[in-house]
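Undergrad: Pasting in a structure now, in structure tokens, and then I'll have a few things to ask.
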Amino acid sequence: MTNKVDVVISGKVITIRSEESAEYVQKIAMYVDQKIEMLKSKNVSAVVDDRLRTLLIALNLADDYFKIKDQHTAQEVINKTLTDDAARYEKENAFLKNQIIILQDELDKVTAEYEEFLRNFDNAEVEHDYEYESEYDNESIVHLPKTDTRKAAN
């Protein structure tokens, strides 16, 4: 549906037909009017004819457009990088969760083996049979008399 919207640009009422909403058309017209007023405030319009003024306004609008487009492109690159990073981190997170499960299973196994070892150790009958058998019997030991080694040293 085509809308007819009256807008004011540079003090002139202009009727615009557009598929866009009246609010949107008013917003664009205000933006263009602000660009014209900016040029007027710099006294550019006093020294140039209408065609050159229109060209300067068009260049200003094109400049704004390309700056916004460049920002949008840069934002798309950032978004792609963040999306790729998020996917990589999700994969890494899944891998680490799997590692945790594997390590927990290993820990459970080692803990069970340790507890089994302790149960077996506590329940074992330990025999203390320390029978001392000397390879020397008492008869083969020779006792020497004690001598005073102090006299020999002097």
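For (1) loosely packed, with under 10 Cβ neighbours inside 10 Å; (2) in contact with a Lys or Arg (Cβ under 8 Å, 6 or more places away or on another chain); (3) at pLDDT 95 or above, each residue gets a yes or a no:
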{"site": "Leu61", "(1), (2), (3)": "no, yes, no"}
{"site": "Thr83", "(1), (2), (3)": "no, no, yes"}
{"site": "Asn123", "(1), (2), (3)": "yes, no, no"}
{"site": "Ser134", "(1), (2), (3)": "yes, no, no"}
{"site": "Ser140", "(1), (2), (3)": "yes, no, no"}
{"site": "Lys151", "(1), (2), (3)": "yes, no, no"}
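Undergrad: Is it fair to say Val25 is in contact with a strand residue (DSSP E or B) (Cβ under 6 Å, 6 or more places away or on another chain) and in a helix (DSSP H, G or I)? Before you say what the answer is, go through the steps one by one.
TA: On the way: in contact with a strand residue (DSSP E or B) (Cβ under 6 Å, 6 or more places away or on another chain): yes; in a helix (DSSP H, G or I): yes.
When the stated conditions are applied, Val25 passes them.
Undergrad: Right, Tyr65: aromatic (Phe, Trp, Tyr), modelled with pLDDT of 95 or more and surrounded by 10 or more Cβ atoms within 10 Å (Cβ to Cβ) or not?
TA: Values: aromatic (Phe, Trp, Tyr): yes; modelled with pLDDT of 95 or more: no; surrounded by 10 or more Cβ atoms within 10 Å (Cβ to Cβ): yes.
In short, no.
Undergrad: With respect to Asp64, determine if the residue is among the charged types (D, E, K, R), within 23 Å of Ile9 (Cα to Cα) and touching a strand residue (DSSP E or B) at 6+ places or on another chain (Cβ under 8 Å).
TA: Details: among the charged types (D, E, K, R): yes; within 23 Å of Ile9 (Cα to Cα): yes; touching a strand residue (DSSP E or B) at 6+ places or on another chain (Cβ under 8 Å): no.
Judged against the criteria, Asp64 is not a match.
Undergrad: Follow-up. Has segment 3-21 got at least one residue that is assigned to a helix (DSSP H, G or I), surrounded by 12 or more Cβ atoms within 10 Å (Cβ to Cβ) and in contact (Cβ under 8 Å) with a residue 12 or more places away in the chain? Working first, answer last.
TA: Quick first cut of segment 3-21, residues assigned to a helix (DSSP H, G or I) only: none.
No; the residues of segment 3-21 include none that is assigned to a helix (DSSP H, G or I), surrounded by 12 or more Cβ atoms within 10 Å (Cβ to Cβ) and in contact (Cβ under 8 Å) with a residue 12 or more places away in the chain.
Undergrad: Let me confirm something: among Arg88, Arg51, which residue is without any contact (Cβ under 8 Å) to a residue 40 or more places away in the chain, in a helix (DSSP H, G or I) and exposed (fewer than 10 other Cβ atoms within 10 Å of the Cβ)? Full working, then the answer.
TA: Working: Arg88 fails: exposed (fewer than 10 other Cβ atoms within 10 Å of the Cβ).
Result of the check over Arg88, Arg51: Arg51.
The values are calculated or read from the model by the stated rules, or taken from the named source; none is laboratory data. If you're wondering where the values come from, they're calculated on a predicted model, not measured in any experiment. Note that each Cβ is placed from the backbone with ideal geometry, even for glycine, and that neighbours are counted across all protein chains shown.
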